[in-house]
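What follows is one structure encoded as structure tokens, with my remarks underneath.
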Amino acid sequence: MNIYKDDFGNTAMIDNVTILPYKGASKRENSFKLIIKADYDNDFIYHVSVYETEKDALNKLQEFSCGTFQEIQ
């Protein structure tokens, strides 16, 4: 899991997950789940989305908080 912080008190996480892409799917596929939460509001989760690639998830992340999210660790 990759963790990101922005300039406005928010945290984002991109996690590699395996999901069934649709009802009745016979196999699971790798996906990337983007979660964004407000640290200042009891960790309120205000965005969750799933992408086929990590690059797609990172591109979406940059649309939030004026593009100020930076990876930590």
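The figures follow:
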read-out	value
Complete set of residues in region 4-25 that are in a strand (DSSP E or B) and among the aliphatic types (A, V, I, L, M)	ALA12, MET13, ILE14, VAL17, ILE19
Failed item in (1) touching a strand residue (DSSP E or B) at 6+ places or on another chain (Cβ under 7 Å); (2) among the aromatic types (Phe, Trp, Tyr); (3) open to solvent by 30 Å² or more (accessible area, probe 1.4 Å), with PHE8 passing the rest	(1)
Complete set of residues in region 26-57 that are touching a Leu at 6+ places or on another chain (Cβ under 8 Å), assigned to a strand (DSSP E or B) and under 17 Å from ASP6 (Cβ atoms)	LEU34, ILE36, HIS47, VAL48, SER49
Criterion: open to solvent by less than 40 Å² (accessible area, probe 1.4 Å) and on the phi < 0 side of the Ramachandran plot - qualifying residue of ILE72, ILE45, ILE3, ILE36	ILE36
Members of region 31-43 found to be within 14 Å of the chain's Cα centre (by Cα) and either under 14 Å from PHE8 (Cβ atoms) or not aliphatic (A, V, I, L, M) (or both), listed by number	SER31, PHE32, LYS33, ILE36, LYS37, ALA38
Any hit, region 56-69, residues being open to solvent by 80 Å² or more (accessible area, probe 1.4 Å) and within 14 Å of ASP15 (Cβ to Cβ)	no
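The values are calculated or read from the model by the stated rules, or taken from the named source; none is laboratory data. Just so it is clear, the structure is predicted and the values come from calculations on it, not from any experiment. We place every Cβ from the backbone using ideal geometry, glycine too, and count neighbours over all the protein chains shown. For accessibility, only protein heavy atoms count, side chains too; no ligands or nucleic acids. Shrake-Rupley method; radii C 1.70, N 1.55, O 1.52, S 1.80 Å.
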